[in-house]
Amino acid sequence: MSPGLIYALAGALLFVLGATGVIVLANLLRKILAFNLLGSGAFLVLVGLAQRDGGTDPLPQAMVLTGIVVAVAATALALALLRRLHRLTGQTRLPDEKEHG
Amino acid sequence: MSAFARFATVLLAALFATTLVAAMFNLGAPTVDLPGAVAAQLTHSGVAHPVAAVLLNFRGYDTLLEVAVLLLALLGILGVSHDDGVTTPTPPGEPVLQALARMAVPFMILTAGYLLWVGAHRPGGAFQAGVVLAAAVVLLNLARVLPAWTRPGLLLRLGWVSGFLIFLAVAAALISQGHLLQYPPAWAGALILLIEVGLTISIGLIMSGLFLLLTERQTSP
Amino acid sequence: MTLNQALPLAVLASSLLPGLIIFMLAEQRVGMRTTLNLLGAITKLILVGVLLAGVHAGESYGFRYAVLPGLDLVFKADALALLFITLSAVLWLLTTVYAIGYLEGSPQRSRFFGFFSLCVTATMGIAMAGNLFTFFIFYELLTLSTYALVVHRGTPAAIRGGTVYLGYTLAGGALLLAGVAWLHSLLGQVEFTHGGVMAALGPEYAPQLRMIFLLLIAGVGVKAALVPLHGWLPQAMVAPAPVSALLHAVAVVKAGVFGMARIIYEVYGVEFAQSLDLLTPLALVAAITILWGSLRALTQDDLKRRLAYSTISQVAYIVLGLALFGPLGMIGALVHLVHQGIMKITLFFCAGNYAETLGTHKVSEMNGVGRRMPATTLAFSVAALGMMGAPFTAGAISKVWLSDGAQAADMGWAIWVLTASALLNAVYFLPILYRAWFRRAALAWPDEKILALGRRETDWLLLLPPVITAATVLAAGIYADSKWSPLYWAQLIAQSEYLLP
Amino acid sequence: MADVRFDPLPWLILLPLAWAGLSFLLGPGRGARLALAGLSVQLALALLLAAQLLSGGAQIHAVGGWGAPLGIDLLADGLAAVMLLFTQAVALPLAAYARVYFADDPHGRATHAYFWPLLGFLLAAMNALYLSADVFNLYVTLELIGLAAVGLVAAGGGGSQVAAALRYLLVSLVASGAYLLGVALLYGVYGTVSIATLTPLISAQAPLAVGLAAALMAVALMAKTALFPFHFWLPPAHGGAPVPVSALLSALVVKASFYLMLRLWLGLFAPLSVPLAWLPGLLGVAAIVWGSIQAIRARRLKMLVAWSTVAQMGYLFLIFPLLAPHGVALQAGVMQALSHGLAKAAMFTSVGVLLRATQRDSVDALAGAAARLPITLFAFALAGMTLMGLPPSGGFLAKWLLLEAGLRQGQWVWPVAGIIGGLLAAVYVFRVLRQALLLAPPSSQFHPVPRSLEWIAFGLAGASVLLGLRGVEIMALLAVGGRS
């Protein structure tokens, strides 16, 4: 089994772990962390699977760099919103909206 | 979330994970050989490093949009972190830390410059450089040398968008070549460097902003 | 665009444009609004006159316009269309005059007359629709614009009535749409044609076609107020009198019946419909409606509600006529489509006059109105007698042709239904006339308006229309055989539908 | 190799990016004029593009001059051109509305300090998405749209609004992540992210990984389009945001992910998607029923409109089971997307006027509005006509096309769902109209509202109806070649 494939498999597991976390965890900070896990998983699959046969491939590397920056930006925004929410309501979890306003 | 729902979710996740893993084994070789294509065109890309070539030339359009993503995050944060007068008094930073920071920052800037320059032919480039710059700014803030940013002035905004606007201007100007971001091989290197410099500064400031706009409003030391 | 293409559009525009302008008018600009209304109505009459002459001389008027690839709006002003157009155009003018008097000084008149003109436009569109798609579009437009008029007063009662009306008509519209689209998927784009358009389809389609017929008839049946789809009509009587008069005696219910005529004669073709034995069940439904309407009318004390149930029963006469296989029945139906309109609108005008002038809404309050308002009551009596089918009135003509039609189609029972209904009509109209003429009036009317000129029984704007229509009721009865009479025109149409020489 | 004729494709993306950046430079609350000027030019460009397509067929623009698979391609076919035209045409009046609306905003500057740059980035991202022919580039545009939308929802909001934004952000991020994993799998198997290169490679016998990729991407896009059961994030976000933002999100943003789903479903994954076609349709039916019921029950006016968006999104997915053989279903979907966009923009803008006038976000507060704000009520009613699918309106044409497609293929379930949905829509639309038509209680007083707001709402509503009188050109444009 080539190292690339191992990375990809690990990535797959991380992704699922993260996804589950975002759904199951209630605390928003944990949700955000879980999302980062999910993202990293996807990146690992991208680079790993593409280079499973040993050779290096600059494309996925470049794409992952892009992806990482996007993830950083998104995380920052999420944290900002969380801080705002905490400042306004003192909550760190989402209110369960009623189905009708 | 009910216990049953949790259980069901986890179960589904496990199921999905196994299928995903199973799907990854015994895949044939990729049908299209892009690394080859990249290598073949590298000489016309204006940079020596394939990843840099992809980032700034072959898929430079992605990078342009990615800078927009950074700006968007910044805008979002500005939208919610407007100064509501709430300030939390914090102890002044320790003199040792401050001295250390003051010493470290010049080296960090130097490193950033190096990363920027080396990016053309080795791993590195605007993002790495920008992040190091940001780290320097954050360090200064943690050491209470630099106060948090409350309401950004024109200069700061200029710093934030200049990199993006330069990139945009170049992209637009290059349409004269026939296509968006179509570098004439002769000029590619120079133009890419120009973009990289702009991006380094802007990304550094944006990244710092992501932090300095989020830190507690401080009574400046 | 040739003149023959432009005329149908002009007929639509003559009410649409004034309507749109009126919406924009400020409330207090009464003069401007009145001018626009009358101008539109008169222009329309002139245009209709041109069309009548043209069609009679064998001209054909039509216009088509592509909405989607393979889907056209088609207008054509043929004989059948003109029968309905002429009726609506004439009555629109009279009702406009009436409404101007009736609504004097009441709020939101710009909105009222705006929607009123839209309704007429929709009716014209229904009449001139050249295919089911076009018909459906204007059919729904009519629903929406009438809703606005039903709820016009904005009282909780009005809103409730409007909601019921909407519930029935939108549901009906949905059924109609399903039927229209289904047919479209079988036949592609087809226009109304004499003798129908089903020839292309083989016998294996019979079950589908029966289903579609059911959908279509149920769809238009709602507006035609066939039992059991009639529930909205009495509810809609909360509307101001002019609305009840024009829309719920003429435009809306007639739109339903007119749709049936198009569907039976020009989509299915009467022979084909007969061969699928669709007509007899329809005739039965009509018969039930006739009797049910008359029976319910007996028990209503509120005058407008009594008239509403009488409408339900009278409109079913037309459906019955359409469902009777044979030209005589059709002639009876078409001629009654006109006659019933004239008679019923007269009755509603008069009911409105009583309510406006004396505040009497109930039959039990009508003792002696004949002395207080002779002209109005005379008009009322003429129309009521017409409804019973008394000689020398338009009603008589309809009755004769309908029963002959029943005879010819050897549906003897239909004749009994008609006779029974005539008796019932007498039972619920004669007492009113008796009270009006021969009972002594109560000391004071519920809510009498003392008019400036004491000797006049009511505002002439309110008096003129019913008197004219009542006169027409007699004229249509006495001069039925003359050229240009509704009867003559109906015979013209029946000839073309049955492809007679 | 410079083209002879002017090529609007890149400018449709660069222009909004440019005015977004510049208006940010100008500072908080600035940049409205810039945006309006930019949008007008964009609209002209979109029209030019449509004209070019009608005469010359689909257009490809190879960014960087490399061409796929090495570079990124922009592709404009009929579908893309229609969506571009629609987006600019709706965004321009909404921008004009926002300018007036924010000008006399009681809540002060914070709500719209950065509205204009955010709007610019949002539109640039949507145009980029419509034009992109590269699954990874599409991922970036999706993220752009998500972040811009969230930024707009959150701006200067109170607790519930920020919570809604956060929920929206998380859903959008997880969805993007799933989409990215799909891209990763595709690249792993085929070594390219160019749709044009991928399409011929994918067959019904494609490895499991490709199937997974398709599933991941489809689910991601359904979540972003708020298709039932992924709808939960939409009502609080669209119901909580400032009115101009709600209008933008409901009218335009949700259409972007729907468009992408349509693209992939018809093009890239066509060999795999056919057997599962009934699934989106079924979810669509559920969305119609559930969304309508909630709209009928809603007490707040904005919530009612937001829930109606959930229901209307359902219609869009009714076409998936019918897509394969006939172009008619696609026409139905596009017609529905356009008319709903216009109608929903009109509805939110008119609701904005009502909110300003009554100073309350509640259906019950509307009594007497018909007499006081006739233009706005007309706008709401006309928009309602379109949502109910009553003739003559774009919504009606959409319903008609759906009926035609369904009946031709003997699949009558979907059209019937459409018809029933129309009746349900009538219930909540007339719930509002009924209340507004009531005579005003003496206590109620209405605050003055700028006339221009009323007229913009009316214009949008009128457009959504007029669309139903002339669909020929749009369908001609839609038919211009390309991937679908």
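The values are calculated or read from the model by the stated rules, or taken from the named source; none is laboratory data. What you see is a predicted model, and the numbers here were worked out from it, not measured in a lab. Note: ideal-geometry Cβ built from the backbone for every residue, glycine included; neighbour counts use all protein chains shown.
Would you confirm whether or not the stretch C:44-64 contains a residue that is surrounded by fewer than 16 Cβ atoms within 10 Å (Cβ to Cβ) and closer than 28 Å to C:Val180 by Cβ?
Yes - at least one qualifying residue is present in the stretch C:44-64.
Within the set of pairs 6+ apart or on separate chains, which have a first residue in the stretch D:121-135 that is more than 16 Å from D:Leu43 (Cβ to Cβ), a second that is outside any helix (DSSP H, G or I) and hydroxyl-bearing (Ser, Thr, Tyr), and C-beta atoms under 6 Å apart?
D:Asp134/D:Ser194
Of all residues in the stretch D:439-460, count the ones that are surrounded by 15 or more Cβ atoms within 10 Å (Cβ to Cβ) and away from every other protein chain (no Cβ under 14 Å).
Going through the stretch D:439-460 one residue at a time, the tally reaches 8.
Of everything in the stretch B:51-76, what is facing chain D (nearest Cβ under 7 Å), within 16 Å of A:Val64 (Cα to Cα) and hydrophobic (A, V, I, L, M, F, W, C)? Give them in sequence order.
Result: B:Phe58, B:Leu65, B:Val69.
Looking at D:Ala425, D:Ala436, which is the one that is at pLDDT 95 or above, at negative phi and crowded, with 17+ Cβ neighbours inside 10 Å?
None of the others qualify; the one that does is D:Ala425.
Being in contact (Cβ under 8 Å) with a residue 40 or more places away in the chain, in contact with a Lys or Arg (Cβ under 9 Å, 6 or more places away or on another chain) and within 13 Å of chain C (Cβ to nearest Cβ) is the filter here, so list the residues in the stretch D:367-384 that pass it.
D:Ala370, D:Ala371, D:Ile375, listed by residue number.
How many of the residues making up the stretch A:44-76 are in contact with a helix residue (DSSP H, G or I) (Cβ under 6 Å, 6 or more places away or on another chain) and over 26 Å from D:Gly151 (Cβ atoms)?
Number satisfying all stated conditions: 15.
Mind checking whether some residue in the stretch D:454-468 is over 20 Å from the mean Cα position of the chain (by Cα), aliphatic (A, V, I, L, M) and outside any loop (DSSP other than H, G, I, E, B)?
no
What number goes with the only condition from (1) surrounded by fewer than 16 Cβ atoms within 10 Å (Cβ to Cβ); (2) under 18 Å from C:Leu71 (Cβ atoms); (3) facing chain C (nearest Cβ under 9 Å); (4) of a type outside the set (Gly, Ala, Ser) that D:Met475 does not pass?
Going through the list (1) surrounded by fewer than 16 Cβ atoms within 10 Å (Cβ to Cβ); (2) under 18 Å from C:Leu71 (Cβ atoms); (3) facing chain C (nearest Cβ under 9 Å); (4) of a type outside the set (Gly, Ala, Ser), D:Met475 breaks only (1).
Identify all residues within the stretch C:214-234 that are in a helix (DSSP H, G or I) and either hydrophobic (A, V, I, L, M, F, W, C) or modelled with pLDDT under 90 (or both); write none if there are none.
Residues satisfying the conditions are C:Leu214, C:Leu215, C:Leu216, C:Ile217, C:Ala218, C:Val220, C:Val222, C:Ala224, C:Trp232, C:Leu233.
Can you say whether C:Asp404 is modelled with pLDDT under 90 and either surrounded by 17 or more Cβ atoms within 10 Å (Cβ to Cβ) or acidic (Asp, Glu) (or both), as far as the supplied structure shows?
no
Cβ-Cβ below 9 Å, separation at least six or inter-chain, first residue in the stretch D:199-212 and under 22 Å from B:Phe16 (Cβ atoms), second β-branched (Val, Ile, Thr) and not in a helix (DSSP H, G or I): which pairs?
Every condition considered, the pairs that remain are D:Val210/D:Ile202.
Here's the yes/no breakdown for (1) over 22 Å from D:Asp77 (Cβ atoms); (2) of a type in the set (A, V, I, L, M); (3) touching a Ser or Thr at 6+ places or on another chain (Cβ under 6 Å):
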| residue | (1), (2), (3) |
| --- | --- |
| D:Gly281 | yes, no, no |
| D:Leu301 | yes, yes, no |
| D:Phe320 | no, no, no |
| D:Ala337 | no, yes, no |
| D:Leu354 | yes, yes, no |
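Suppose the filter is at the interface with chain D (Cβ under 8 Å from one of its Cβ atoms), part of a helix (DSSP H, G or I) and surrounded by fewer than 23 Cβ atoms within 10 Å (Cβ to Cβ); does A:Leu88 pass it?
So A:Leu88 fits the description; yes.
Please work out if B:Leu154 is within 25 Å of B:Met103 (Cβ to Cβ) and either within 14 Å of chain D (Cβ to nearest Cβ) or without any contact (Cβ under 8 Å) to a residue 40 or more places away in the chain (or both).
Judged against the criteria, B:Leu154 is not a match.
For A:Ala76, are the conditions met, namely being more than 9 Å from chain D (Cβ to nearest Cβ), crowded, with 19+ Cβ neighbours inside 10 Å, assigned to a helix (DSSP H, G or I) and free of Cβ contacts under 8 Å to residues at least 60 places away in the same chain?
yes
With respect to B:Ala172, determine if the residue is surrounded by fewer than 21 Cβ atoms within 10 Å (Cβ to Cβ) and either in a loop (DSSP other than H, G, I, E, B) or within 14 Å of chain D (Cβ to nearest Cβ) (or both).
Here the answer is yes, as B:Ala172 does meet what is asked.
Can you report the number of residues in the stretch D:159-170 which are without any contact (Cβ under 8 Å) to a residue 24 or more places away in the chain and either within 11 Å of chain B (Cβ to nearest Cβ) or buried (at least 24 other Cβ atoms within 10 Å of the Cβ) (or both)?
3
Can you spot a residue in the stretch D:386-408 that is at the interface with another protein chain (Cβ under 9 Å from one of its Cβ atoms), over 22 Å from D:Ala332 (Cβ atoms), without any contact (Cβ under 8 Å) to a residue 60 or more places away in the chain and outside any loop (DSSP other than H, G, I, E, B)?
Within the stretch D:386-408, none of the residues are at the interface with another protein chain (Cβ under 9 Å from one of its Cβ atoms), over 22 Å from D:Ala332 (Cβ atoms), without any contact (Cβ under 8 Å) to a residue 60 or more places away in the chain and outside any loop (DSSP other than H, G, I, E, B).
Scanning the stretch C:154-164 for residues that are within 11 Å of chain D (Cβ to nearest Cβ), assigned to a helix (DSSP H, G or I) and of a type outside the set (Gly, Ala, Ser), which turns out farthest from D:Phe430 (Cα to Cα)?
C:Pro156
Considering D:Val90, D:Val41, D:Val63, which residue is touching a residue at least 24 places away in the same chain (Cβ under 8 Å) and surrounded by fewer than 21 Cβ atoms within 10 Å (Cβ to Cβ)?
Only one candidate qualifies: D:Val41.
What single numbered condition from (1) surrounded by fewer than 19 Cβ atoms within 10 Å (Cβ to Cβ); (2) out of contact with any Asp or Glu (no Cβ under 8 Å at 6 or more places or on another chain); (3) more than 23 Å from B:Val132 (Cα to Cα) fails to hold for B:Gly178?
(2)
From the list C:Leu94, C:Leu47, which one is within 20 Å of the chain's Cα centre (by Cα), in a helix (DSSP H, G or I) and either modelled with pLDDT under 95 or of a type in the set (A, V, I, L, M) (or both)?
C:Leu94
Can you tell me which residue in the stretch C:313-339 is modelled with the lowest pLDDT, limited to those that are surrounded by fewer than 24 Cβ atoms within 10 Å (Cβ to Cβ) and part of a helix (DSSP H, G or I)?
Restricting to residues being surrounded by fewer than 24 Cβ atoms within 10 Å (Cβ to Cβ) and part of a helix (DSSP H, G or I), the top hit is C:Pro327.
For the list (1) buried (at least 20 other Cβ atoms within 10 Å of the Cβ); (2) within 7 Å of chain D (Cβ to nearest Cβ), I need the number of the one condition that A:Gly18 fails.
A:Gly18 satisfies all of (1) buried (at least 20 other Cβ atoms within 10 Å of the Cβ); (2) within 7 Å of chain D (Cβ to nearest Cβ) except (2).
Restricting to the stretch D:141-158, name every residue that is buried (at least 24 other Cβ atoms within 10 Å of the Cβ) and in a loop (DSSP other than H, G, I, E, B).
D:Ala155, D:Gly157
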